[in-house]
Structure formats: C-alpha cells, structure tokens
Amino acid sequence: MKALIIGGGGFVGSYLARQLVQGCHWDTTVTKLPQEDVSVEGCEAYNLDILDQDAVEALLVRLRPDVIFHLAAQSSVAFSWKNPQKTVEINLCGSLNVLDAVRAIEGYAPRILLIGSGEEYGMLPPETELVGEDTPVHPGNPYAVTKAAQNWFGSLYARAYGMEIVMIRAFNHVGPNQAPQFVVSDFCKQAAEISLGLREPVMHVGNLSAKRDFTDVRDVVRAYALLAQHGRAGETYNVGSGTAVAIQEILTQIIAQSGAEIQVEIDPAKLRPVEIPVIRADISKLQQDTGWTPEIPLEQTIAETLDVWKQQLQK
Ligand code: A2R
Ligand code: GDD
C-alpha cells in the first residue's frame, strides 16, 4: 500500500507517518511546508503548498498513492477568529484543490481521508451532549465552518463522482510536541516553565468550564490507519474517546503532576467570542467498523507532554 500524508509537517503528521511505516508497513510519503522539518525514518518528504493546485496534481501524478491522508489545515480555532479569510482559503479552497487534483487525473481512484473536526457539531441544544455522526451540525466558529464545508464537499464528491472519500471528525487530540496554542500543551508548557524556575508561579488560562473529548494522538493515528482500510466511502466517522473532561480537571491534573505551587489567573485574551460548553463524541460507528478503542489514558499523555516540555526548556 502506498500512502501520502498531505500536511505532514504539523503535530499529527509525524505520528501518523510513524504509524503507517512502523505499524502498517506501508510505503509512506509526507508533504510539508518548506520551513518545516519531518524526519521519520523510512519516509520521504516533499514540499507542497495545497493552495497550488498544479503542484498538488503534479505530485499525485508522480507518486500515485493508494491512500491520501489530508491533514493540511489552519487548525487553530482561536486564530480562525482573528483571520477567518485565511482559514477559509487553506481549509476549504486548499481541500478542494486536493479533491480536484485527484479528479483531474484520468483513471485514478485513491482512498482519501479528509480530516475534519468535532467542532463542526458546534452549538447543540443543552440536552445533546453526546454527538453521533448524524447529529445536525451548527458550527460555532470560523474554523468549524470551514471543516463542516469540507465535510459537505467530501460527501458531495463521493456521491457525485463515486470518489473513495472517508470523512473524519476528529475531536481534541493531545500528546508530546503539540504546539503550545492548544490547551494541554499550553498548560504543560507553563507548568514546566514554573517547575524549572523560568517564570513566576502563575498560570494564565482561558475558559475552564468547557468540557472537551481528549484522545492521545497515538490512538488517533491508529484510528486513521484503520479507517483508511475499513472506513466506508462517503461516510463520516467521529474519532474521539467518548468521554468529556472539563478543562478545569485537566488544569488540576497538570498542576498536581508538576509538583509546583501554582496560582491560576484568567486571561481575558484567552476567552473566545463563542464557546461551546460540552463536546463529546459518540464513537460507536468507528468502533463497529474498525474495532478501534483508545488505549492511552489522559494522565499518561499529560505526564509525557510535561516531560517533553521540561526536556526542551532545559536545552
Ligand atoms: O500552519 P502551519 O505553518 O503550522 O502549517 C500547517 C500545514 N499547512 C499547510 N500545508 C500545506 N499547504 C498549506 N497552504 C498549508 N497551510 C497550513 O498543515 C501544519 O503543518 C499542517 C497542519 O498541522 P497542524 O496545524 O499541526 O494540525 P494537526 O494538529 O496536525 O491536525 C491535523 C488535522 C488538521 O486538518 C486539523 O484541522 C484536524 O486534524 O484537527
Ligand atoms: N488553547 C487554550 N489555551 N485553550 C484554553 C485555555 C488556554 O489557556 N483555557 C481554556 N481553554 C479551552 C478553550 O476555550 C477550549 O474550550 C478548550 O480549552 C480546548 O481548546 P484548544 O486546545 O485550543 O482546542 P480547540 O478545542 O479549540 O480545537 C482543537 O480541537 C479540535 C477538535 O475538537 C484543535 O486541535 C482543532 O484543530 C480540532 O479540530
């Protein structure tokens, strides 16, 4: 099996590349942006901007992968409020470039995994806390709008052109080396800096009452590989843990694991114009079709993320 990961220079990319090379033994190539570095043994890397459709098509003609994992995105909800246009350009126009590049190649019918988001469900009525794939979507931020639109295009192209597209709604994924704009990495970085005496013992946080569904990135990429093999074309799959944890609970765990005395301050700049109170995935469809189940507990992910930050900050 030949796999191509588009957007492999981000957080999930190198974990997915390792899963495909070491776990699945697939011939795997990644694309990245020129300033990024992806060094996964046994994996070749090419520079690719998904906004350049000709370049996307040329690479696909050259490699003709059997499976394409489309990860490339502007992935920050917070940034999407600041720059909705850029978010639309990358997440919607960029994804269409990938789909249209595949379509333009005569006789070529790869499987395509489009990675969307649990954020697509958005503002749900208060009693709907567990969201299945058929729950109507009400995106609550610009990022979520682009991912919902990507999902609709995936479903439309699968139906209209018979393309082998599987859509994924990924809920919050976490793990070592995630960028510090995301909550677990952000809190772990601040706690590590405090433990090492690099900053005053005060953590700056946003909304602690929101509840989100967190899964370790290594479990997430196992699910992606299984969906590439067993996911049904034209269908959407939730990928999450099936449990919702309050951000306050995560903060408490991180502070306890850091062993430091820490004060907490709400930073108004970290609050969002609209906040969805609870997001929790119904993962029964994923489990039925693939047999996947999450294996790494959140405490372990937090411990490893904290450790990696300490190592990096001491360099
Ligand atoms: O924004 P950057 O400089 O971090 O680069 C991101 C890259 N990217 C692009 N790649 C090709 N052409 C573009 N025009 C373009 N714009 C951005 O896609 C980054 O290296 C990668 C996405 O990785 P992350 O932002 O680290 O997201 P993560 O956590 O790996 O999530 C993978 C997928 C995304 O579609 C998320 O929206 C979804 O899972 O949750
Ligand atoms: N980043 C951040 N920093 N978030 C905070 C903070 C803080 O200091 N304090 C509280 N939060 C809350 C946010 O308001 C949000 O409710 C929750 O923590 C998670 O925020 P993020 O980690 O920034 O992730 P996200 O949920 O906005 O988006 C992530 O998950 C989506 C899937 O559900 C991203 O990885 C998206 O790309 C992904 O699609």
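The values are calculated or read from the model by the stated rules, or taken from the named source; none is laboratory data. This one's a predicted model, so the numbers in the text were calculated from it and none came from an experiment. Every residue, glycine as well, gets a Cβ built from its backbone with ideal geometry; the counts of neighbours run over all protein chains shown. All accessible areas refer to the heavy atoms of the entire protein, side chains included, with ligands and DNA or RNA removed. Shrake-Rupley method; radii C 1.70, N 1.55, O 1.52, S 1.80 Å.
Mind ranking Arg111, Arg212, Arg159, Arg18 by accessible surface for me, highest first, 1.4 Å probe? Please list the in-between numbers first.
Numbers: Arg111 40, Arg212 15, Arg159 175, Arg18 90 Å².
Greatest to least solvent exposure: Arg159, Arg18, Arg111, Arg212.
Rounded to the nearest 10 Å², what accessible area does Asp37 have for a 1.4 Å probe in the complete protein model?
Counting only protein heavy atoms, the figure is 130 Å².
Pairs of alpha-carbon atoms within less than 8 angstrom and 6+ residues apart define the contacts here; what relative contact order does segment 1-125 have, in percent?
Relative contact order here is 26 percent.
Could you sort Met123, Met163 by their accessible area in this structure, using a 1.4 Å probe and putting the largest first?
Final ranking, largest accessible area leading: Met123, Met163.
Ignoring ligands, DNA and RNA, how do Lys82, Lys310, Lys315 rank by accessible area with a 1.4 Å probe, largest first?
Ranked from most to least accessible, the order is Lys315, Lys82, Lys310.
To test your reading of the geometry: what angle, between 0 and 90 degrees and rounded to tens, separates the Cα axis of helix 298-314 from the longest principal axis of the chain?
So the helix axis and the longest Cα principal axis differ by about 80 degrees.
Filter the cross-link list Lys32/Lys270; Lys32/Lys189; Lys86/Lys189; Lys211/Lys270; Lys189/Lys315 down to pairs whose alpha-carbon distance in this structure exceeds 18 Å. Walk me through the numbers before you get to the answer.
Values: Lys32/Lys270 29 Å; Lys32/Lys189 25 Å; Lys86/Lys189 27 Å; Lys211/Lys270 16 Å; Lys189/Lys315 14 Å.
Pairs exceeding 18 Å: Lys32/Lys270; Lys32/Lys189; Lys86/Lys189.
So what are segment 102-142's ellipsoid semi-axes, whole angstrom, largest first, if each one is the square root of 5 times an eigenvalue of the alpha-carbon gyration tensor?
They are 32, 11, 7 Å, listed from largest to smallest.
Would you work out the charge dipole size for segment 1-75 about its Cα centre, treating the Cβ of every Lys and Arg as +1 and the Cβ of every Asp and Glu as -1, and quote it to the nearest 20 debye?
For this selection, approximately 220 debye.
Using a simple charge model, +1 on the beta-carbon of Lys and Arg, -1 on the beta-carbon of Asp and Glu, nothing else, what dipole does the chain show about its Cα centre, in debye to the nearest 20? Could the numbers behind the result be given before it?
Values: 25 positive and 38 negative charges, 50 e Å.
About 240 debye.
Would you mind working out the magnitude of the charge dipole of segment 92-174 relative to its Cα centre, with +1 at each Lys and Arg C-beta and -1 at each Asp and Glu C-beta, to the nearest 20 Debye?
Here the size comes out at about 260 debye.
Using only Cα atoms, what Kirkwood radius does segment 1-82 have, in angstroms?
13.0 Å
Determine the share of the chain's accessible area contributed by carbon and sulfur atoms, expressed in whole percent, with a 1.4 angstrom probe.
Carbon-and-sulfur percentage of accessible area, whole number: 50.
How far, in degrees from 0 to 90, does helix 247-258 lean away from the longest principal axis of the Cα atoms of the chain, to the nearest 10?
Taking Cα atoms only, the helix is inclined about 70 degrees.
Against the longest principal axis of the chain, how steep is helix 53-63, in degrees 0 to 90 to the nearest 10, with axes from Cα atoms?
The angle comes out at about 70 degrees.
Compactness ratio of segment 37-161: Cα Rg over 2.2 N^0.38 Å, N = residue count?
1.16
With the alpha-carbon atoms as the only input, what is the per residue convex hull volume for the chain in Å³?
Values: hull volume 40.0 nm³, N = 315.
Output value, Cα hull per residue: 127 Å³.
Summing Lys, Arg as +1 and Asp, Glu as -1, what charge do residues with Cβ under 12 Å from the Cβ of Phe79 carry, Phe79 excluded?
So the surrounding residues net to +3.
Let me have the relative contact order for the chain, percent, based on Cα pairs under 8 Å that are six or more residues apart.
18 percent
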